[in-house]
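Have a look at the structure below, then the notes.
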Amino acid sequence: MAALATGGATPSDGATSFQRKVPASSRLAAIAGTRPSVRHGQLLLSSGLPSLDCVLGGGLAVGTLLLIEEDKYGIYSNLLFKYFLAEGIVCGHNLFVASAKEDPADILKELPAPLFDDVHKNQVDEKETAIKSKQESQESLKIAWRYQNLPKMEVSPAASARFGHYYDVSKTVSPELLKSIKWHRFFLPEVMSLHPEIKTCNMTCGYTRLLQSIQRIIYQEGFDGSYPQKKQKNILRIGIQSLGSVLWGDDICCADNPEDIYSLTKFLYVLRGLLRMSLSACIITVPAHLIQNKAIMERVTNLSDTVVGLESFIGSERETNPLYKDYQGLIHVHQIPRLNSLICDVSGTKDLAFRLKRKLFTIERLHLPPDLSDTVSRSSKQDLAESTKLLSSGCGAMAIGKKHLDF
Amino acid sequence: MFVELNELLNASPERPEQGKLTLLRDTKTDGSFLVHHFLSFYLKAGCKVCFVALLQSFSHYNIIAQKLGVSLTAAKERGQLVFLEGLKSCFDVFFGEEQHVGQTNPLQFVSEDGSNLKTMYEFVRTSLMASGSDSWKCPVLLVDDLSVLLSLGVRPVDVLDFIHYCRVAVCSQLKGNIVVLVHSNDDSEDEENELIVNSLCHQSNLILWAEGLTTGFCKDVHGQLKIIQKGSSELKAEKNLLRIYQYKIQDKNVTFFARGMSAAVL
C-alpha cells in the first residue's frame, strides 16, 4: 500500500496541479495540448507520460529538446519515444518521425492506443468518482450534491483537451486516429538512395539531410511564424530514433577514436537553433551506453535541454534482487533546463524507478520495502554470513548463532 | 545584478574595474546565473557590452534581465548592447545562401574545414571599438559558454588564441573587461575542455566557481561559490584570495551566505 501511496511521484510543491488563470487574450493558451507553465509562462507539452511530466517540472517546454539515453537493449527508451508520438496524435499535433532502422510508417502503426476511461485508480480524483456515481443514479445526488451540475466526464476524443493522457501498451492506435493527423517522415535508407552524397559543414551526410528536411517542414508548414495569417497554430513534434548509432553513418558508437567526433554535436547545435525559433519540441534517443568516448556524451548533455537516462535491470544482477522486484529499471534525470528564469522546477526526489505493469508505464520514487525477516541483513550481508559459516566449519553451531548477532 | 554578490566582490556599478578577465566556471550545476549578474551589472554601469550568446536565444536573456531591472531591447536600441545570437547565426550559415562579399558571419567557422575564429574576433573588435558619438564607459566582452565552441569543431588552441586576441584588444588596448563562462568537471573525460579551463584559470584575474554540493541535491542550498581573486601585483607574488560561500537562487535574486549558515538551518 505504501508503494501505491507514493506512486505517481507527486512533487512536494504540488506545482503541477496549480494552474494560474491565463488572460483570455493570451494567444499562448490557444494551441491544443499545451498549457503555460506556472513559473515562467513558457508553453509546456506533455511528454506522453504524466509521471514523467511531474518529474520534469510540469512538462516539456516548446522549443526544447528531450534527450533520452537508451537503456541497454533500447526497449524502454523506444517505449518513451512512442509515448511522445502517441501524445502528439491525441492532441492533434503534427509529427515528424525520423529513423534509420525502422520505417516511420511502421513506427506509427505500433503506437500505443490512448486510454480514454481512467482505469488507473491512483490518478482518479474525487470529481470523477462523483461523476461515475452520478452515472449510476440519475436522481439528485444526496452526498456529492456539489457535483450535481458539473458536466459528465467525456469518453470520446474530446478528452484530448486534458493535459497528459494514459496509454495502453497492449493495444495499438486505431488507423482512423492515425489518418486524422498530419505527419512527415524521414527514413534514412530511402533518403540516401534518392539523393547523391553530399557533405556540408563537415557533418555526416545523414545528419545534414535530416536537418534540411526538418527545416523545410518547419518553413513550409509555417511553424516558425512565417505565415502570420494562419490563425490556428499547431505544434510540430519531432522524434528521432537512435541518433548517433552506426546506421546514421556515424562511427562514435563503434570506435574508440572516431573519425569525426563533431558531427553529432554540430547536429544538436543546429537543431537547437531550429527548435528555438519554431513551435516544436523534439525527442531524441541516443545509445549512450555504446559511445566509448565519454567526452562526447558530456558535450551532448550540455547541448540538450532535458536529459533523461534509462537503466533497465534486464540482464543485470539487479533483475533477481528482491529489492527491485517491483521495478523494471531506474530513471536518472541528468538535466532540466532553466528557461526564461534563474530557477527551474526540480522535483525533490532523485531516486526514481520505472515499472511497466500490465498496461501502464509509471515512474515512481524508488521505494525500498522494509526488511521484515528474522535476520536483520540485506542480501549482501547474507553472503558474508554464509562464507564465515564455511570458514569456521569446526564450530559450526556457533557460526549459525553468530549470524543473528549484528554488531 | 545581485546586490549581495556585488558586496562580496566589492564591486559597484558606479566604478567598474578595468582591464580584467573574469572566469566563470561551473561544475555539476548551472552557473548561468553569474552570466545574468554580470550582464545586468555592466549594463547598469553604463559600459558598452558585446554579448556572444552561443547557447540560448535572445528572449531568454531578455526575460531574465527584465527581472533584474535591465531591458536588453532598450539597450540594443540605444547602442549599448551588441548581441550575437549564436543559434541564429549558425542557422544562417547552415541554411543560408552564399554570403555576399564583405558580409561575414561570425560563426562562419562552422561550415569551414578549419577552426578559425578570426571572423568572430573581428566581430567583437568592431563592435567594441569606440565610435565618436559613444559616451559609454569601458567596453565589456561577455561570452556565454566557451565550451560550446569545442562542440562545434574548434580546436582548443584556436579557442585560446581567440581569448588571447580578445584580451589584447579589449583588456589592454581598449581598457575593457572580459567575462567568460566555461563548464568543467573534476572527473571529466573531456580533456580539451579541461585544457581550456586550466589555461584560462591561470590567465584570469578573478574566478567565480559555482559548484554543486558534494553531498547531493538540496532544496535550500543550491550550490557553493568559490571566489578566487588573483594577487593584484604579479611582481610581489601575492597569494590568491580564496573565499567560499553557499548560495540559494530565487526568482529575482540570489542570496549568499557563509557555509552552513543557510536560512533553513538556522
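A few remarks follow.
- Looking across segment B:178-212, the residues that are over 20 Å from B:Leu142 (Cβ atoms) and either surrounded by 21 or more Cβ atoms within 10 Å (Cβ to Cβ) or among the acidic types (Asp, Glu) (or both) come down to B:Asp186, B:Asp187, B:Glu189, B:Asp190, B:Glu191, B:Glu192, B:Glu194, B:Glu211.
- Across segment A:128-187, the qualifying residues are those that are among the small types (Gly, Ala, Ser) and surrounded by 14 or more Cβ atoms within 10 Å (Cβ to Cβ), and the one among them that is modelled with the lowest pLDDT is A:Ala159.
- Failed item, numbered, when B:Met1 is tested on (1) part of a loop (DSSP other than H, G, I, E, B); (2) surrounded by fewer than 19 Cβ atoms within 10 Å (Cβ to Cβ): (2)
- Among the residues of segment A:321-337, the ones that are crowded, with 21+ Cβ neighbours inside 10 Å and without any contact (Cβ under 8 Å) to a residue 12 or more places away in the chain come to 0 in all.
- Criterion violated by B:Ile228 - all others in (1) within 15 Å of the chain's Cα centre (by Cα); (2) more than 23 Å from B:Val49 (Cα to Cα) satisfied: (1)
- Answer residue from segment A:78-97, given it is surrounded by fewer than 22 Cβ atoms within 10 Å (Cβ to Cβ) and outside any helix (DSSP H, G or I) and is modelled with the highest pLDDT among those: A:Asn94
- No other residue among B:Leu266, B:Leu241 is in contact with a strand residue (DSSP E or B) (Cβ under 6 Å, 6 or more places away or on another chain), without any contact (Cβ under 8 Å) to a residue 60 or more places away in the chain and among the hydrophobic types (A, V, I, L, M, F, W, C) apart from B:Leu241.
- In segment B:88-106, the residues that are more than 20 Å from B:Lys118 (Cβ to Cβ) and either modelled with pLDDT under 75 or under 17 Å from the mean Cα position of the chain (by Cα) (or both): B:Glu97
- Residue-level check: of (1) more than 30 Å from A:Ile214 (Cβ to Cβ); (2) within 12 Å of chain A (Cβ to nearest Cβ); (3) surrounded by 18 or more Cβ atoms within 10 Å (Cβ to Cβ), B:Lys28 misses just (3).
- Segment A:281-296, subset more than 19 Å from A:Ala61 (Cα to Cα) and more than 9 Å from chain B (Cβ to nearest Cβ), residue modelled with the lowest pLDDT: A:Gln292
- Enumeration of residues in segment A:41-65 that are closer than 18 Å to A:Ser278 by Cα, within 14 Å of chain B (Cβ to nearest Cβ) and in a loop (DSSP other than H, G, I, E, B): A:Gly41, A:Gln42, A:Val62, A:Gly63, A:Thr64
- Scanning segment A:238-280 for residues that are out of contact with any Pro (no Cβ under 6 Å at 6 or more places or on another chain), more than 14 Å from every other protein chain (Cβ to nearest Cβ) and acidic (Asp, Glu) turns up just one, A:Asp250.
- For the criterion of being at pLDDT 90 or above, of a type in the set (A, V, I, L, M) and crowded, with 22+ Cβ neighbours inside 10 Å, A:Ala100 passes.
- For segment A:230-248, a tally of residues being at pLDDT 85 or above and of a type outside the set (A, V, I, L, M) returns 8.
- Of all residues making up segment A:340-355, the number that are without any contact (Cβ under 8 Å) to a residue 60 or more places away in the chain, over 18 Å from B:Leu55 (Cβ atoms) and within 12 Å of chain B (Cβ to nearest Cβ): 2
- Residues in segment A:224-253 that are assigned to a loop (DSSP other than H, G, I, E, B) and of a type in the set (Val, Ile, Thr) were compared, and the one that is farthest from B:Glu112 (Cα to Cα) is A:Ile235.
- All positions within segment A:66-77 that are touching a helix residue (DSSP H, G or I) at 6+ places or on another chain (Cβ under 9 Å), of a type outside the set (Lys, Arg) and outside any strand (DSSP E or B): A:Glu70, A:Asp71
- Tally of residues being of a type in the set (A, V, I, L, M), touching a Lys or Arg at 6+ places or on another chain (Cβ under 9 Å) and assigned to a strand (DSSP E or B) across segment A:315-336: 2
- Close pairs (7 angstrom Cβ cut-off, 6 or more residues apart or separate chains): under 20 Å from B:Ile249 (Cα atoms) in segment B:2-14, part of a helix (DSSP H, G or I) and at pLDDT 85 or above anywhere: B:Phe2/B:His37; B:Leu5/B:His37
- Selection of segment B:31-60 for residues being facing another protein chain (nearest Cβ under 10 Å) and under 30 Å from B:Thr214 (Cβ atoms) yields B:Ser32, B:Phe33, B:His36, B:His37, B:Leu54, B:Leu55, B:Gln56, B:His60.
- Residue list for segment A:263-308, restricted to those being outside any helix (DSSP H, G or I) and closer than 21 Å to A:Ser213 by Cα: A:Met277, A:Ser278, A:Leu279, A:Ser280, A:Ala281, A:Cys282, A:Ile283, A:Ile284, A:Thr285, A:Val286, A:Ser304
- Qualifying residue in segment A:254-262 (condition: on the phi < 0 side of the Ramachandran plot, touching a residue at least 12 places away in the same chain (Cβ under 8 Å) and not in a loop (DSSP other than H, G, I, E, B)): no
Residues checked against (1) more than 21 Å from A:Gly249 (Cβ to Cβ); (2) touching a residue at least 40 places away in the same chain (Cβ under 8 Å); (3) among the polar types (S, T, N, Q):
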| residue | (1), (2), (3) |
| --- | --- |
| A:Leu178 | yes, yes, no |
| A:Ser193 | no, no, yes |
| A:Met203 | no, yes, no |
| A:Ser213 | no, yes, yes |
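- Candidates B:Phe38, B:Phe83: the one that is assigned to a helix (DSSP H, G or I) and aromatic (Phe, Trp, Tyr) is B:Phe38.
- Whichever residue in segment B:63-79 is surrounded by 18 or more Cβ atoms within 10 Å (Cβ to Cβ) and over 15 Å from the mean Cα position of the chain (by Cα) and, among such residues, is farthest from the other protein chains (Cβ to nearest Cβ): B:Ala75
The values are calculated or read from the model by the stated rules, or taken from the named source; none is laboratory data. Only a predicted model underlies this, so the values are computations on that prediction, with no experimental measurement involved. With ideal geometry, Cβ positions are generated from the backbone for all residues, glycine too; neighbour counts draw on all protein chains shown.
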